[in-house]
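**Student:** Structure incoming, see below.
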Amino acid sequence: MNTKRIIPCLDIKNGKTVKGIKFENIQDIGDPVEIGSYYAQMGADELVFLDISATNEKRKTLSELVPRLAKHINVPFAIGGGISSVEDAEYIFSCGASKVSINTAAVQNPQLIKDIAEKFGSNRLVLALDTKLADGEWVVLTHGGQKTTEVNAVEWAKEAVALGAGEILLTSMDHDGTKDGFAIDITKAIAEAVNVPVIASGGAGNMEHFAEVLTEGKADAALAASVFHYREIEIPTLKTFLQEKGIPVRK
C-alpha cells in the first residue's frame, strides 16, 4: 500500500480562513499563514488553500498571501479558486505555490487542463472535482458547488486525467462539513477509474472515517477542514491511529 497523505484544507475569503457547512454559513477561523504553519509543524503532508472570494480583489489577496505562505510553510501547498487561464496559474506559481487547483474553468474549457499540464507539468495540476448524487448519478458541480451540471463525475475524472490532470481532489457536496464520513462509493469508483492520486474530501468527523476512505475508498490522501480547525482531531494522533490500523503514513 502506498504511503497515504493527510491534507488540511483552508478556505480563504478576503485573506482570512473561513469554514462553512456545504459551502454555506461561513465563519471566520483566523489567519491562514498561522494556521497553515501550525498544521505543517504538526505533520501535515500537504496543504490546500481555496480562495472562495468572488471579488475583484482576488489577485491582490493572493499576491499578498501566497508569498507569505511560501515563506513560512515548509510543506507543499496548492492554491485553488478562480484560476481560469495559463496566466493565472503562472502567476500563482510565481508567488510560490507548489500546485494549482482548477474546477469550474476546467469544466467550461477542458483544453485548459492540457495547456497548464504541458507548460508546468501534470504533477503541479490538481483537478478539483465537486460532486453530488442526483437522481442516482454522481454529477459534477461548478461555481463553488452552487451549479449542478449533467456531467458524470467518473467520466469527467477520466477525461481530465487523459488531458493531463495529475491529481483529483474529490469533494462530495452531500458530505461537506457534515462530519458523517466521506463518500466511500464515489471515491472508490474514481480511484479505480484513474491512474493518478485521488484526494478524498468532504465529511471527515472522526479518525475511523479517515481509515475507511484510505482503505475501502482507495483514496491516496484524505483532506479535511473542520476537525482540524477546531482541534477535534490532531494530526499526530490521527497518524498514530492510522499506523496502528496498518495504514502507512509519513510521521
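**Student:** Against the condition buried (at least 23 other Cβ atoms within 10 Å of the Cβ), touching a Phe, Trp or Tyr at 6+ places or on another chain (Cβ under 7 Å) and within 19 Å of I79 (Cβ to Cβ), how does L125 come out, does it pass?
**Tutor:** Values: buried (at least 23 other Cβ atoms within 10 Å of the Cβ): yes; touching a Phe, Trp or Tyr at 6+ places or on another chain (Cβ under 7 Å): no; within 19 Å of I79 (Cβ to Cβ): yes.
No: the conditions fail for L125.
**Student:** Could you list, in sequence order, the residues of the range 94-116 that are of a type outside the set (V, I, T) and assigned to a helix (DSSP H, G or I)?
**Tutor:** Within the range 94-116, the first condition is being of a type outside the set (V, I, T), and the residues that meet it are 94-99, 101, 103, 105-106, 108-112, 114-115.
Answer for the range 94-116, where residues must be of a type outside the set (V, I, T) and assigned to a helix (DSSP H, G or I): S94, A105, A106, Q108, Q111, L112, K114, D115.
**Student:** Right, another one. Which residues, counting only those in the range 78-99, are surrounded by fewer than 23 Cβ atoms within 10 Å (Cβ to Cβ) and closer than 16 Å to A44 by Cβ?
**Tutor:** S98
**Student:** Can you list residue pairs whose Cβ atoms sit under 8 Å apart, with the first residue in the range 28-41 being farther than 13 Å from F77 by Cβ and the second being open to solvent by less than 20 Å² (accessible area, probe 1.4 Å) and not basic (K, R)? Count only pairs 6 or more apart in sequence or on different chains.
**Tutor:** Correct list of pairs: D28/T17; D28/V18; I29/L10; I29/T17; I29/V18; G30/T17; D31/T17.
**Student:** Have a look at K132, K119 and point out the one that is at pLDDT 95 or above, part of a helix (DSSP H, G or I) and open to solvent by 10 Å² or more (accessible area, probe 1.4 Å). First the steps, then the outcome.
**Tutor:** On the way: K132 fails: part of a helix (DSSP H, G or I).
Exactly one residue qualifies, and that residue is K119.
**Student:** Quick one: which residue in A219, A225, A183 is open to solvent by less than 10 Å² (accessible area, probe 1.4 Å) and over 22 Å from A134 (Cα atoms)?
**Tutor:** Details: A225 fails: open to solvent by less than 10 Å² (accessible area, probe 1.4 Å); A183 fails: over 22 Å from A134 (Cα atoms).
Only one candidate qualifies: A219.
**Student:** Collect the residues in the range 186-207 that are under 15 Å from K132 (Cβ atoms) and assigned to a helix (DSSP H, G or I), keeping them in residue-number order.
**Tutor:** The answer is I186, T187, A189, I190.
**Student:** A follow-up question, please. Can you find a residue in the range 170-179 that is part of a helix (DSSP H, G or I) and either buried (at least 17 other Cβ atoms within 10 Å of the Cβ) or in contact with a Leu (Cβ under 6 Å, 6 or more places away or on another chain) (or both)?
**Tutor:** So the first thing to find is which residues in the range 170-179 are part of a helix (DSSP H, G or I), and the list is none.
Looking through the range 170-179, none of the residues is part of a helix (DSSP H, G or I) and either buried (at least 17 other Cβ atoms within 10 Å of the Cβ) or in contact with a Leu (Cβ under 6 Å, 6 or more places away or on another chain) (or both).
**Student:** Can I ask one more? Could you please give the count of residues in the range 135-155 that are open to solvent by less than 60 Å² (accessible area, probe 1.4 Å) and either free of Cβ contacts under 8 Å to residues at least 24 places away in the same chain or assigned to a helix (DSSP H, G or I) (or both)? Please lay out each step first, then the result.
**Tutor:** Just the residues of the range 135-155 that are open to solvent by less than 60 Å² (accessible area, probe 1.4 Å), to begin with: 138-142, 144-145, 149, 151-154.
Then keep just the ones that are either free of Cβ contacts under 8 Å to residues at least 24 places away in the same chain or assigned to a helix (DSSP H, G or I) (or both); that gives 139, 152-154.
Result for the range 135-155: 4.
**Student:** Which condition breaks for R68 when tested against (1) open to solvent by less than 60 Å² (accessible area, probe 1.4 Å); (2) in a helix (DSSP H, G or I); (3) farther than 18 Å from G166 by Cα?
**Tutor:** So R68 meets the others, but not (1).
**Student:** Would you call G202 surrounded by 19 or more Cβ atoms within 10 Å (Cβ to Cβ), more than 14 Å from the chain's Cα centre (by Cα) and within 24 Å of V249 (Cβ to Cβ)? Steps first, answer last, please.
**Tutor:** Values: surrounded by 19 or more Cβ atoms within 10 Å (Cβ to Cβ): yes; more than 14 Å from the chain's Cα centre (by Cα): no; within 24 Å of V249 (Cβ to Cβ): yes.
Judged against the criteria, G202 is not a match.
**Student:** Name, by its number, the condition in (1) modelled with pLDDT of 95 or more; (2) farther than 19 Å from V18 by Cβ that does not hold for D174.
**Tutor:** The number of the failed condition is (1).
**Student:** Okay, next question. Going by the conditions given, is F210 in contact (Cβ under 8 Å) with a residue 40 or more places away in the chain and assigned to a helix (DSSP H, G or I)? Write out each step before concluding.
**Tutor:** Details: in contact (Cβ under 8 Å) with a residue 40 or more places away in the chain: yes; assigned to a helix (DSSP H, G or I): yes.
The answer is yes for F210.
**Student:** Hey, can you tell me all the residues within the range 34-55 that are at pLDDT 95 or above, touching a Lys or Arg at 6+ places or on another chain (Cβ under 8 Å) and under 24 Å from I83 (Cα atoms)?
**Tutor:** Within the range 34-55, D45, E46 meet the criteria.
**Student:** When you look at S101, is it more than 18 Å from D11 (Cβ to Cβ) and among the hydroxyl-bearing types (S, T, Y), yes or no? Show your work before the answer.
**Tutor:** Numbers: more than 18 Å from D11 (Cβ to Cβ): no; among the hydroxyl-bearing types (S, T, Y): yes.
Criteria not met by S101.
**Student:** May I pose another question? A211 is checked against (1) closer than 27 Å to Y38 by Cβ; (2) under 17 Å from the mean Cα position of the chain (by Cα); (3) open to solvent by less than 10 Å² (accessible area, probe 1.4 Å) and fails just one. What number does that condition carry?
**Tutor:** Failed condition: (2).
**Student:** Now for a separate question. Being in a loop (DSSP other than H, G, I, E, B) and over 13 Å from the mean Cα position of the chain (by Cα) is the filter here, so list the residues in the range 75-93 that pass it.
**Tutor:** Within the range 75-93, V75, G82, I83, S84, S85 meet the criteria.
The values are calculated or read from the model by the stated rules, or taken from the named source; none is laboratory data. What you see is a predicted model; the values in this text were computed from it and never measured. No Cβ is skipped: glycine too gets one built from the backbone with ideal geometry, and neighbour counts run over all protein chains shown. These area figures cover heavy atoms from the full protein model, side chains too; ligands, DNA and RNA do not enter into them. Shrake-Rupley method; radii C 1.70, N 1.55, O 1.52, S 1.80 Å.
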